[in-house]
Amino acid sequence: MNSVSESLYMAAPMVLYPQTNEQNAVARRVTEVGTGMLLQDGSCEGIRTAVQEILDNSIYAKAAAECSADFRACSGPAGAAEFIENAPHLL
């Protein structure tokens, strides 16, 4: 998840090749929001084709840029701390 978050923060669409259940879930979400695609063929030609699709189809770059803007709009640790401090506390 961290590598995907960093890629999206930098507005970089990606080709994913998940190896674990967690990576499968993250990759599935990346494809759902259109910021990348799953590698279907791990051969040299398959990798080349997938990367070329990402480069040639601007829809991936547009979706990654939108995610990047969302990440950058977050208030970060200071905003999270303020939210927690101002949240109603149940006793």
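Only Lys, Arg, Asp and Glu carry charge here, each on its Cβ (+1 for the first two, -1 for the last two); on that basis the chain has a dipole of about 40 debye about its Cα centre.
Multiplying the residue separation of residue 57 and residue 75 by 0.36 nm and subtracting their alpha-carbon distance yields 3.3 nm. The residues of the chain expose on average 73 square angstrom of accessible surface per residue, using a 1.4 Å probe on protein heavy atoms.
Zone of residue 1 (label point 7 Å along Cα→Cβ, backbone N under 17 Å): which residues in the range 23-39? Label zone hits: 23-33.
If you take the Cα Rg of the chain and divide it by 2.2 N^0.38 Å, with N the number of residues, what do you get?
Numbers: Rg = 16.7 Å, N = 91, 2.2 N^0.38 = 12.2 Å.
Normalised Cα radius of gyration, the chain: 1.37.
From helices alone, the chain scores -21000 deg cm²/dmol at 222 nm; the rule is -39500 (n - 2.57) for each run of n ≥ 4 DSSP H residues, then divide by the residue total. Packing, taken as the mean count of other beta carbons within 10 Å per residue, orders the peptides 44-51, 18-25, 2-9, 62-69 from highest to lowest as 62-69, 2-9, 44-51, 18-25. Taking a ≥ b ≥ c as the square roots of the eigenvalues of the Cα gyration tensor, the range 5-53 is oblate, since a/c reaches 1.5 or more and a/b is not larger than b/c.
The values are calculated or read from the model by the stated rules, or taken from the named source; none is laboratory data. Just so you know, these numbers come straight off a predicted model, no measurement behind them. FYI the Cβ positions are ideal-geometry reconstructions off the backbone, even for glycines, and counts take in every protein chain you see. Heads up: the accessible areas ignore ligands, DNA and RNA and are worked out on the full protein's heavy atoms, side chains in. Shrake-Rupley method; radii C 1.70, N 1.55, O 1.52, S 1.80 Å.
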